1. Which numbered condition trips up residue 293, out of (1) loosely packed, with under 15 Cβ neighbours inside 10 Å; (2) assigned to a strand (DSSP E or B)?
2. Do we have residue 234 as crowded, with 17+ Cβ neighbours inside 10 Å and modelled with pLDDT under 95 here?
3. Restricting the first residue to the stretch 152-180 and requiring it to be more than 16 Å from residue 296 (Cα to Cα), which pairs with a second residue that is of a type in the set (Gly, Ala, Ser) and open to solvent by 10 Å² or more (accessible area, probe 1.4 Å) meet a Cβ separation below 8 Å and a spacing of at least six or different chains?
4. Against the definition (within 14 Å of residue 332 (Cα to Cα) and among the aliphatic types (A, V, I, L, M)), how does residue 248 come out, yes or no?
5. Could we say that residue 299 is open to solvent by 50 Å² or more (accessible area, probe 1.4 Å) and without any contact (Cβ under 8 Å) to a residue 24 or more places away in the chain here?
6. Of the residues that sit in the stretch 94-112 and are surrounded by 15 or more Cβ atoms within 10 Å (Cβ to Cβ) and either on the phi > 0 side of the Ramachandran plot or not in a loop (DSSP other than H, G, I, E, B) (or both), which one is modelled with the lowest pLDDT?
7. Exactly one of these conditions fails for residue 246: (1) open to solvent by 50 Å² or more (accessible area, probe 1.4 Å); (2) farther than 28 Å from residue 89 by Cβ; (3) not aliphatic (A, V, I, L, M). Give me its number.
8. Which ranges mark the strands (runs of 3 or more DSSP E) fully within the stretch 128-199 that have 3 or more residues being crowded, with 24+ Cβ neighbours inside 10 Å?
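The values are calculated or read from the model by the stated rules, or taken from the named source; none is laboratory data. Everything quoted here is computed from the prediction, not taken from an experiment. As a convention, Cβ positions derive from the backbone with ideal geometry for all residues, glycine included, and neighbour counts pool all protein chains shown. Remember, those area values only see protein heavy atoms, side chains included, never the ligands or the DNA or RNA. Shrake-Rupley method; radii C 1.70, N 1.55, O 1.52, S 1.80 Å.
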Amino acid sequence: MGVTIKNVAKEAGVAASTVSRVISDSPQISDATKRKVRKVMEDMGFYINQNARNLVQQSTKTIGIVMKNSISESLNDPFFPEVLRGISAWCHKQDFSISLTTGDSNEEIFEDTVKMVQGKRVDGIIVLYSKQDDKVVPYLTECGFPFVVIGRPLTNAGEITYIDNDNLKAARDAAEYLIDMGHERLGFIGGSLEFEVNRYRLQGFKEAVLLNNLKMAEDYIKNPKTAESVRQAVYELMDMDNPPTGIVVTDDLIALNALIVLREKNIKVPDHVSIISFNNTQLTNFTNPTLTSVDTQIFQLGYESARCLIEEIKDPSQFKKQIIIPTIIVERKSTLPLNSRENI
């Protein structure tokens, strides 16, 4: 026979009703009593029937995660496992689970979101991106369903809780890092401009170039959408009569692809061209050379998004929050001052 609430109450020296209130995290019970009862529950191997508790509370204790792309594609990008780790860390503290969209296309991902909401499968949703012509955020807004966005929403940002970096400043800092090393011909390799993050990073790059009175040439700016188009972008940049001596790449995974192509072309990094990328994922320590990268604190982006969402679920009257996570450049071996580099 399993351990019951009455068994726990007897061992803890409290009433059975007190144990029930501890289980529901009632504010009527002191923290000291909660700790005492929970310790007894743990020692006796008492496990809460979470499904029954959720049914009574009309809560799933589950957070929905809307992926940027299909789950297989997203999980190949080191950004997403790390942001999920941050989300999971806070959810674990609050006894919440997570559920991921599994669609392979934008339409299927949207359909998964609708099923989560209408099927009451989750209490709230974290959208892991902000992009143009997105159907998910407008749908969640119209439904009045609790949600948080990682990335600055392109419209009605002040009415939505979101967690982001100052991507404009971060990209400006990255470009100026290369400029301070003496690089004046700067290239830029970003991602699709339908995503907010890529737009702001491109804008920050352009600002740095113009503020430092350098030549702004559109031929030096590339926004590939696939690994194959990254290859083409690198070839186009490095086959120019005056190729860039420094390149800002907006994502570590794109930078890895760029390094592979440069190696194929016998172009040495950083001797022939310096590269700085973004996100400071674990990937940066395993590339050759290791990548100088802007640390966007991915774990913290996920952790804060989960914290804000669960706070809103518990208290829907809260004001919408806009939280900016600071960034810092982590120097490694893919960058070098211009006057120190090997001549081509």
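1. (1)
2. Values: crowded, with 17+ Cβ neighbours inside 10 Å: yes; modelled with pLDDT under 95: no.
Spelling it out, it is not the case that residue 234 is crowded, with 17+ Cβ neighbours inside 10 Å and modelled with pLDDT under 95.
3. Close Cβ pairs (under 8 Å, with a partner that is of a type in the set (Gly, Ala, Ser) and open to solvent by 10 Å² or more (accessible area, probe 1.4 Å)) amount to 153/130; 154/130.
4. Working: within 14 Å of residue 332 (Cα to Cα): no; among the aliphatic types (A, V, I, L, M): yes.
Against the criterion (within 14 Å of residue 332 (Cα to Cα) and among the aliphatic types (A, V, I, L, M)), residue 248 does not qualify.
5. On the way: open to solvent by 50 Å² or more (accessible area, probe 1.4 Å): yes; without any contact (Cβ under 8 Å) to a residue 24 or more places away in the chain: no.
The answer is no for residue 299.
6. Start the filter on the stretch 94-112 by keeping residues that are surrounded by 15 or more Cβ atoms within 10 Å (Cβ to Cβ), which leaves 94, 96, 98-101, 103, 106, 109-110, 112.
Checking the rest, the ones that are also either on the phi > 0 side of the Ramachandran plot or not in a loop (DSSP other than H, G, I, E, B) (or both) come to 98-100, 106, 109-110, 112.
On the way: 98: 96, 99: 95, 100: 94, 106: 89, 109: 93, 110: 94, 112: 94.
Only one residue fits best here, namely 106.
7. (1)
8. Details: elements: 147-150, 162-164, 186-189.
Filter on the stretch 128-199 gives 147-150, 186-189.
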